[in-house]
Amino acid sequence: MNKSYFFKFILSALITCPLVCLAAPEPWTIEDVLDASSELSQQMRYPEAAPQKPLPQVFVLVSFSMPEVSLERLARDAKDAGIPLVFRGVPETKPSSDSKLPLLNPQSLAAFQPLIESGADVQLNPELFSEFNVRQVPALIVKEEVSASANGCIQTAKAVIVPGDVTLGYALDRLTDRKDSIGEAARDLRAKLGNRP
């Protein structure tokens with residue numbers, strides 16, 4: 001399992017647990033995390049219905065360094081469009097007397113709680129930031145899946161990045177005129193936002 005999926009599984013497992021777990025007096029054990037992520041892993045391996053052609057993956061790369069208003073607006077729109085908010089990592093926590101506190105702990109995950117409560121899909125994926133050399137956020141990424149053609153040749157994947165502190169609707173509008181799967185995905189996602197700017 002590569003690092004990005006490992007981080008995604010762990011964060012998803014922690015997030016799908018009731019939020020009271022974040023404030024639980026007992027720290028999670030590795031067994032708790034693995035058990036919680038097992039079901040998610042099964043769902044990802046065996047989806048109920050596979051599409052005929054792979055749809056582009058869409059992400060909004062964000063950070064807690066962004067203005068809070070912008071992050072909240074993106075969280076609302078991303079939730080409605082079904083797009084995950086992707087963070088590079090967890091925010092730094094105040095030094096603790098327990099020097100062995102794991103990176104993913106209730107204090108480091110508490111910052112995500114308002115976004116989770118709003119219904120946003122929150123993920124950790126530092127490799128996505130590296131893959132696209134993203135240094136400034138927010139950034140909308142629409143990435144085609146790599147697929148094999150009928151003759152067995154692997155086709156080159158395309159990806160488009162729309163950077164800037166703009167609304168999700170505006171970022172998607174920049175892609176809706178495209179005549180490829182990225183444009184098709186942008187139109188479908190834009191429709192989910194209705195008349196929002």
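The values are calculated or read from the model by the stated rules, or taken from the named source; none is laboratory data. Just so it is clear, the model here is predicted, and its values are computed rather than measured. Glycine gets a Cβ as well: all are built from the backbone with ideal geometry, and neighbour counts include every protein chain shown. Keep in mind that these areas ignore ligands, DNA and RNA; they rest on the heavy atoms of the full protein, side chains included. Shrake-Rupley method; radii C 1.70, N 1.55, O 1.52, S 1.80 Å.
Report every pair of residues separated by at least 6 positions or lying on different chains whose Cβ atoms are under 7 Å apart, first residue within region 127-138 and under 14 Å from residue 89 (Cα atoms), second open to solvent by 90 Å² or more (accessible area, probe 1.4 Å) and not acidic (Asp, Glu).
Short answer, once both residue conditions are applied: 127/3; 129/88.
Please verify whether region 179-195 includes one or more residues that are surrounded by 16 or more Cβ atoms within 10 Å (Cβ to Cβ), of a type outside the set (Lys, Arg), in contact with a helix residue (DSSP H, G or I) (Cβ under 8 Å, 6 or more places away or on another chain) and free of Cβ contacts under 8 Å to residues at least 24 places away in the same chain.
Checking region 179-195: not a single residue is surrounded by 16 or more Cβ atoms within 10 Å (Cβ to Cβ), of a type outside the set (Lys, Arg), in contact with a helix residue (DSSP H, G or I) (Cβ under 8 Å, 6 or more places away or on another chain) and free of Cβ contacts under 8 Å to residues at least 24 places away in the same chain.
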